[in-house]
Amino acid sequence: MRLFSLVVFVVLVSLCNAAGVPPTQAQWDAAIQKAKDYLTTNAFTNSEKAALATGVGWEGGQCVGNIPSIPRVNFSGFCLEDSPTGVRFALNVTAFPAAVNVAATWNRSLIYERYAAFGSEFKTKGAHIALAPMMNMGRVAAGGRNWEGFGADPYLTGECAYLAVIGIQDQGVVATSKHYLLNEQEHYRTTSSSNADVRTMHEVYLWPFRQAVKAGTGSVMCSYNLVNGFYACENEYILTEVLKKEFGFQGYIMSDWAATMSGLPSILAGLDMTMPGDVTFNSGTTYFGEHLVDDVANGTVTQARLDDMAIRILTPYFLLNQDQGYPTVDFDFRDYTKLNQRNAQADHATVVRKIGAESNILLKNINNTLPFSSTPTPGGANYTFAVIGSDAGPSPGNYGPTACADHGCDEGTLAQGWGSGTVWFPYLIDPNAAIVNKSTANGQTVISSLNDTIEAAQQAAAQADIAIVFANADSGEDYITVEGNEGDRNNLNLFHNGNALIEAVASVNNRTVVVLHVVGPVVMPWADHPNVTAIILAGLPGQESGNSLVDTLWGAVNPSAKLIYTIAKLESDYGASVLYSSPLPYPPINYTEALLIDYRWFDQKNIAPQYEFGFGLSYTTFSYANLQFTTATPTVTGCATHQALEDDVLYSATIDISNTGSVAGAEVAQLYLGFPEGAGEPPKVLRGFDKVWTEVGGKATASFSLTRIDISIWDPVTAGWVVPAGTFQVMVGASSRDIRLTTNFTVTAVPTVTLAVDKTVAEGATLTATLTLSAASTSTVSVPLLATDGTATSSQYSLSSTCATFAPGALTTTVTITTVDDNVYRGDTNFQLSLQLPTNANLASGTPSSIVIQDNDLPQLSVAAASQTISVSEAAGTVNITLQLSKQSAFSTYVNWTTTGHPNINDIVFSSSLVIPPLVSSVDVPVTVVQDTIYEGNETFILTLSSSSNSSIDASANAVSLTVIDDDPVPYVYLVSNNSFFTASAPTVSFDVFVSNPEEGDIGVALQVNYINASEAVVTFTNGFPNVVIPSATNAVTINVSTVFDSIYEGNQVFSISIANITAGIATIGSTNGRSVTFVIEENILIPSVYFPQSSYPISLVFLLPSFPPPPHPPQFNFFVLKRPFK
């Protein structure tokens, strides 16, 4: 199985080396087009586009970061995973050496090989995006995460980052270059403002990111801290102006985890993806997501910006062919016992061991203490070894060799720091186990004292021929505190009283070998102790730690590593230190040392280091000779992109390195450049290195090249790279202080170019831009011109040439700018014209000229002739009014109306304000006529355009006369009785005054009573009788009529009510049947009767009357005498 894995890996590396180059612009263009087509073809909604930019939230998926799947379009989402040392939270993966070790090899091919192997494991485990490489600069020696990066020099870090990105992405995995920017300490990392000038940023901290972009990095991660007062993830200058525009970055910018501090400001500044998606871990809220959708809907974020985010996020996906059968995710960071069936390790342990051995920096080797002999004489000088210190032993704790969760402790040997930059060890070969194994095989003896107690250490050391004492210094991220160190180290001392341990061992053994596993520089007060005869700085070598060390100790590998930072004698010798405390809520961290980082500070201040940058010994010796320095023929001529010009090789150099010792080995030759006086540069800066292998007595050629940017300084005035005139010193040596060969070259001052152009131009007119040289040149001067859209777009103007050329001897040249009279109103718009990096000249200023195109197309808004007078039936429903613009407008036109004329405005419905969309010449405004049953008569409304934006109003055609023809009949009034009879039990009746159909006004009706045989006093009326009002829009009024019943017999009484006339409103009196109503008051008293009572004569006539007093009409009687006999 291991043989098979080895074969697979070798083939893989071979393929990578065959590639090993950044993607071409044509490949980027094709990927960008694929992303656009994918979004268009699949009709991505804005919610789906926003989902691409929004992580699902902490612990919302299998990876530390997750972009959700979109099943509708068969998109499976993205898995984003730590760390720079391997696939975090996964099993069956490799624990690679830390970046500090990778950089210490100074071996370009090995750096690429390491990251190719690293990238292949991410792909095997299904992670689309590796959160590496880390490119912090090690500004402060105690910085907690320095071990994740490549050291303290921008050139070296840039070269490593370039190779790392290519190595990762050659495997089809997106590389994430981090942490952008100035994230140089853990204390206050989310609240401090790192304040640096633009020159310092460009020449030191931005340099590695430029190289990563050059390598084609698919992603860049912005950091937690503020940069010059603005959070990095909402800092438009570093995100958009520098990264996307100046560097030409074509991928996407993601936030560090919970480093998104806002929504709209971050999006507008250039942040493309928020990670892990929630505002704070597990908050269930986000700054992006549907908030981003809403921002687009309300216009605070343009559709183009959202589309740009989605395209940028998908472009690396297509660039690296992740749409073609990419593996599924094979781990779950929330529960590492799940999945993890695929073994991604291949034979990467060989790469780990190789890097570990080649990164062991030999700092001291007196009297050839090293290497140890593998064939010792019993009882001889190399027979008995004492292995001393806890750092030599196994690493107990959680997850086995990983010691603690995220390595948050310092127990046993140190092979990684702590925090999110870690990976679980599949195994960890500790130094003691490896030394015992090697010594046993050689017949040598080992005495082990794997703790840090002085007494035990001295006892073991006193019994040994050679004492190997181990010590370490650890650091990591601020969310873990180890032995009182909150991310950053509290000082540069060794942990566990390591300095005292070494001193104690050296006091009893005159052949003391010190091995340091450290995250960065440490002070070494014992370095010059005569009994300390050898020192190896082993760094953080990964899972093969012990084996890598044994390879060096016994000479299987000849040390060739070099320091990637300066080791000072005193901590106070460094030019910058961690800000550990501040009373301020947002403490400033001022980069006052500017360009003088690490060895540059020591050189400038003439401070002697313990061991200088670039230093490292070998088991052999090398001589340097024959420095050849030549001017190269430029490959980029005329006008080209500033990136192409910056990377054009101007000079080349070679030296001969001879192996003058007795062992074959490799030497890292370093080229440093001294800039002309007055350039404001440090005494020397690294500008090249070459690692060559030589056999004993052999010779090899080391080669260097200097590009334009290598010999340039960042000029804030021109906002670009400028080659200063004067004499440069080329220094080639074995370290920054061991310069073996030097030479000089001189750059002649070149003229400067200025741009003069008017600030305004009328639309349709031309404008002349004049370029002037400060002095004539004997060479052709070419100056690229860049026109950058502002509110104007490139469709509105054109340049006669984007390359201005000065013939030899010429002082001026011109470029014509032609503007387009496009008959579209855009308002006054602007664009910027700037000069780019010229050949054979420098810029006098980098400030672009802003040019305003004065618009001549303000449209006039009018009512179309056919809409100015309109008559419409009430039954028509809707009528359109046509508004027209004399010219198209690029803006929405906002229009307001006023209405006069008929007061009953509710009879028509329309919007009093409306919007005419951009580039629309006319629009129909619907007016709804209310269909009702109310008679109003014909109504005329006057609709007048009162105001508009982005247009003027034609006063001669600014109104509509709209007449609504009423289709309701003239109403008539009639009476309807609800009950015509009054009774004693129902003394009140009613009748209704009806109108056939309502009128928009009140209708007044005069009623009259006709008392047929009833008295006026008999009845009473309500509702203002006899003058009755039927309110507008109602159909009837009810009148109640009441009577009083008495004890007098009157008989039935009859009266009637009729319509006399219409007193108000428009109405007629109805037909005969409804003109009046008649009422009857029914008598409730019996009719009176007369009788003769039975009595004697004379006869009495008795009247029986119902009541008293007598009725108003005395009764009439007729008497008849009946003839009958009396008894």
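Data overview
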| quantity | calculated |
| --- | --- |
| Compactness relative to 2.2 N^0.38 Å, alpha carbon Rg of the stretch 531-664 | 1.52 |
| Peptides 969-979, 251-261, 96-106, 357-367 ordered by average Cβ neighbours within 10 Å, highest first | 96-106, 251-261, 357-367, 969-979 |
| Cα-based Rg of the stretch 620-747 normalised by 2.2 N^0.38 Å, two decimals | 1.17 |
| Ordering of 1006-1012, 404-410 by packing [mean C-beta count within 10 Å, highest first] | 404-410, 1006-1012 |
| Stretchable slack from residue 744 to residue 1068, in nm (0.36 nm times residue separation minus alpha-carbon distance) | 105.0 nm |
| Percent breakdown of C-alpha pair distances by 5 Å bin, ordered from the shortest bin, for the stretch 403-502 | 2, 12, 19, 20, 17, 14, 9, 5, 1, 0 |
| Charge tally in the Cβ shell below 11 Å around residue 763, where Lys, Arg are +1 and Asp, Glu are -1, residue 763 excluded | -4 |
| Calculated P(r) tail over 30 Å for the stretch 349-565, as whole % of Cα pairs | 15 percent |
| 3J(HN,Hα) from dihedral phi, the stretch 874-889, Karplus parametrisation 6.51/-1.76/1.60, rounded to Hz, x for glycine, proline | 4, 7, 5, x, 9, 10, 9, 10, 9, 9, 9, 9, 5, 9, 6, 10 |
| Percentage relative contact order, the chain, counting C-alpha pairs under 8 Å, at least six apart | 8 percent |
| Gain in span if fully extended, residue 875 to residue 1046, counting 0.36 nm per residue against the direct Cα distance | 55.8 nm |
| Qualifying trypsin sites (Lys or Arg not before Pro) for the stretch 240-340 [loop in DSSP, other Cβ within 10 Å: at most 15] | 334, 338 |
| Interchain or long-range residues, amide H under 5 Å from residue 195's placed H | 228, 589, 590, 591 |
| Share, in percent, of DSSP beta bridges within the chain that are antiparallel, nearest 5 | 70 percent |
| Overall dimensions of the stretch 895-948 as given by Cα atoms, namely Rg and Dmax in Å | 13.3, 43 |
| Proxy reagent accessibility, fewest Cβ within 10 Å first, across 526, 58 | 58, 526 |
| Residue exposure sequence - 803, 79, 233 - by fewest surrounding Cβ within 10 Å | 803, 79, 233 |
| For the stretch 860-965, diffusion coefficient by Stokes-Einstein and Kirkwood Rh (Cα), 25 °C, 0.890 mPa s, µm²/s | 174 µm²/s |
| Fewest-first sequence of 1054, 895 by Cβ atoms within 10 Å of each Cβ | 1054, 895 |
| Packing-based ranking, highest mean first, of 460-470, 286-296 given that Cβ atoms within 10 Å are counted | 460-470, 286-296 |
| Label-reachable residues, the stretch 538-568, where backbone N falls under 14 Å from a point 7 Å from residue 440's Cα toward its Cβ | none |
| R0 of 45 Å, Cβ-Cβ distance residue 909-residue 990: FRET efficiency to nearest 0.05 | 0.75 |
| Three semi-axes of the equivalent ellipsoid, the stretch 752-854, Cα gyration tensor, whole Å, largest first | 27, 12, 10 |
| Spacing of the two label points (7 Å from each Cα toward its C-beta) at residue 866 and residue 760, in nm | 4.1 nm |
| Contact order normalised by residue count of the stretch 537-661, Cα under 8 Å, 6+ apart, percent | 26 percent |
| Reciprocal of mean inverse Cα separation for the stretch 470-514 (Kirkwood radius, Å) | 11.8 Å |
| Förster radius 41 Å - calculated FRET efficiency between residue 850 and residue 894, Cβ distance, rounded to 0.05 | 0.90 |
| Length released on extending from residue 377 to residue 1038, taking residue separation times 0.36 nm less the Cα-Cα span | 224.6 nm |
| P(r) histogram, all alpha-carbon pairs of the stretch 286-361 included - 10 Å bins from 0, percent | 14, 20, 25, 23, 13, 5 |
| Using alpha carbons only: equivalent-ellipsoid semi-axes of the chain, gyration tensor based, whole Å | 98, 42, 22 |
| Bridge type composition, the stretch 2-319 - antiparallel percent by DSSP, nearest 5 | 25 percent |
| Percent of C-alpha pairs per 5 Å bin, the stretch 830-887, short to long | 4, 13, 11, 10, 8, 7, 6, 6, 6, 6, 6, 5, 5, 3, 2, 1, 0 |
| Length-normalised contact order of the stretch 904-1055 in % [C-alpha pairs under 8 Å, at least 6 apart] | 20 percent |
| Cβ-derived FRET efficiency at R0 51 Å, residue 635 paired with residue 341, nearest 0.05 | 0.55 |
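No lab work stands behind these numbers, since they all come straight from the coordinates. For clarity, every value in this text was computed on a predicted model and none was experimentally measured. Positions of Cβ are backbone-derived with ideal geometry, glycine not excepted, and every protein chain shown enters the neighbour counts.
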